[in-house]
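One structure below.
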Amino acid sequence: MLKRYAFVLVAVLAIAGCGSSSSSSSSSSSSGSAGGGGAGALSAETKSTATGDIPDNQNFLTFKSTAPGYSITYPEGWAQTGSGGDVSFRDKNNIVHIVVASGGAPTAASVRDELGRERAKTPSLSAGTPQAIALKGGQAIKVTYTTSSAPNPVTGKRVKLTVDRYELARAGKLATVDLGTPIGVDNVDAYRMMANSFHWR
């Protein structure tokens, strides 16, 4: 009888372990992906609560990507996923996503067209007007867009992100830097500093 109980307990634990692994993999895919060379639009997770503002005394680390050849600062403690030309840093629904692919210098028109194509895959996407901007790492095109998550299956609530997108190019490489945060969370200063920290190497 004792052996039978032990077998049942092992089976239950194995099933629980499988469930937790599936949940982890599904949550990591919602930060956007390269999807054939494009950055894709950021989307929030209804399972993750909105985080607060990045504090003024937050420590930042420098991430260096050797293959695409760039560096950028990010908040210490944020989880990193991906590598090479497609990297994300996340603290629940605060998300930074960097994609580097081959491409020429962006223009306001090219960024507007790109977001139009992304809207076909992300109907909740609503974008402002792309504009040229000078960053410390070079000239860029900046645009702000918003997206809404799918409704929470229990509460029906949606999480809405506001995202600052910067596109920079050099030597045939195009970097798309998306910095997303839930509506109502003020990370403007920290995200501006992070955008200015992007440098080609």
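Can you tell me which residues in segment 118-132 are of a type in the set (A, V, I, L, M, F, W, C) and either part of a loop (DSSP other than H, G, I, E, B) or loosely packed, with under 14 Cβ neighbours inside 10 Å (or both)?
Residues satisfying the conditions are A120, L125, A132.
Quick check on my filter: what residues within segment 156-201 are part of a loop (DSSP other than H, G, I, E, B) and either touching a residue at least 40 places away in the same chain (Cβ under 8 Å) or not β-branched (V, I, T) (or both)?
G156, K157, R158, V159, A171, G172, G184, V185, D186, N187, F198, R201
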ask   = Taking segment 154-201 only, how many residues are within 14 Å of the chain's Cα centre (by Cα) and charged (D, E, K, R)?
value = 4
query = Got at least one residue in segment 96-109 being without any contact (Cβ under 8 Å) to a residue 40 or more places away in the chain, outside any loop (DSSP other than H, G, I, E, B) and touching a Pro at 6+ places or on another chain (Cβ under 9 Å)?
reply = yes
ask   = Which residues, taken from segment 96-117, are surrounded by 15 or more Cβ atoms within 10 Å (Cβ to Cβ), under 20 Å from the mean Cα position of the chain (by Cα) and over 18 Å from G85 (Cβ atoms)?
value = V111, R112, L115
note = Filter segment 156-170 for residues that are surrounded by fewer than 22 Cβ atoms within 10 Å (Cβ to Cβ) and either in contact with a strand residue (DSSP E or B) (Cβ under 8 Å, 6 or more places away or on another chain) or modelled with pLDDT of 95 or more (or both); the one that is farthest from A44 (Cα to Cα) is R170
key: Residues of segment 139-155 satisfying the condition of being closer than 17 Å to S43 by Cβ and in contact with a Pro (Cβ under 8 Å, 6 or more places away or on another chain)   = V143
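The values are calculated or read from the model by the stated rules, or taken from the named source; none is laboratory data. Only a predicted model underlies this, so the values are computations on that prediction, with no experimental measurement involved. Note: ideal-geometry Cβ built from the backbone for every residue, glycine included; neighbour counts use all protein chains shown.
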